[in-house]
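The values are calculated or read from the model by the stated rules, or taken from the named source; none is laboratory data. Keep in mind that this is a model prediction, so the values were computed, not measured. Cβ placement follows ideal geometry from the backbone for every residue including glycine, while neighbour counts extend to all protein chains displayed.
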Amino acid sequence: MQKLTRADLLNLEAYAEQRGDFRRRMLEHKQHRKVHLGPNATLYFEDRMTIQYQIQEMLRIEKIFEKAGIEEELGAYNPLIPDGRNLKATFMLEFEDPARRETALQQLLGIEARIWLQVKGFDKVYAIADEDLDRATDDKTSAVHFLRFEFSVAMIEALQNKAAPLAVGSDHAAYLHTIAALPTQTRVSLLNDFD
């Protein structure tokens, strides 16, 4: 997938006019790229469209219209776009109660490195987490992580040409959950990331 440039973005006025339609299309697109892993974790698989939406929203909220500010946002978000050999996801740990969240984030220290994807017939691919900055401390993990999953050519071919199932899971001792095969619509959406 190509990285985004300033030419791919709408100016603030044009985005304001198109925002409702863009948002509707984005919500529909994202619904097939969201995977609930157990009761408290969700993977939001990113692609060029989800990142464009995120950048447009940041520019709108922050009222950024100058070249330097736009380039800064592109620099921050472009690394989250898959490059044809990987899948990238925002991983969120979700606990409504603040006290429960605090305890859970301590118990789940290191979970970001224990999230995996697996093409049937191949070894698990563990996430490479938070390449931009370390989000965990010595005593607790963060509620949000950015993950990258690198696939071999053989794995990608199995997904594309043999319709191999794609599993996802966590093998963190305090959060053991597995989905044996992602739903068809999710799998099909993620296959586009390998183009």
Any residue in the stretch 136-164 that is over 30 Å from ARG100 (Cβ atoms) sitting within a Cβ distance under 7 Å of a residue that is among the charged types (D, E, K, R)? List the pairs, counting only those 6 or more apart or interchain.
GLU150/ARG85; PHE151/ARG85; ALA164/LYS120
Residue in the stretch 116-129 that is nearest to THR42 (Cα to Cα), counting only those that are touching a Phe, Trp or Tyr at 6+ places or on another chain (Cβ under 7 Å) and either surrounded by fewer than 19 Cβ atoms within 10 Å (Cβ to Cβ) or not assigned by TED's automatic domain parsing to the domain that holds ASN161 (or both)
TRP116
For LEU87, are the conditions met, namely being out of contact with any helix residue (DSSP H, G or I) (no Cβ under 6 Å at 6 or more places or on another chain) and either outside any helix (DSSP H, G or I) or modelled with pLDDT of 95 or more (or both)?
no
Could you tell me how many of the residues in the stretch 35-49 are outside any loop (DSSP other than H, G, I, E, B) and over 15 Å from ILE115 (Cα atoms)?
3
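So that you can scan it fast, the table gives a plain yes or no per residue for (1) assigned to a helix (DSSP H, G or I); (2) assigned by TED's automatic domain parsing to the domain that holds PHE146:
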site	(1), (2)
GLN2	no, no
LEU10	no, no
MET26	yes, no
MET58	yes, no
THR103	yes, yes
LEU109	no, yes
Quick check: anything in the stretch 146-156 surrounded by fewer than 19 Cβ atoms within 10 Å (Cβ to Cβ), assigned by TED's automatic domain parsing to the domain that holds PRO98 and touching a helix residue (DSSP H, G or I) at 6+ places or on another chain (Cβ under 6 Å)?
yes
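Yes or no, residue by residue, for (1) touching a residue at least 12 places away in the same chain (Cβ under 8 Å); (2) among the aromatic types (Phe, Trp, Tyr); (3) closer than 30 Å to ASP195 by Cβ:
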position: GLU73; (1), (2), (3): yes, no, yes
position: ILE81; (1), (2), (3): yes, no, yes
position: MET92; (1), (2), (3): yes, no, yes
position: PHE95; (1), (2), (3): yes, yes, no
position: ALA99; (1), (2), (3): no, no, no
position: GLN107; (1), (2), (3): yes, no, no
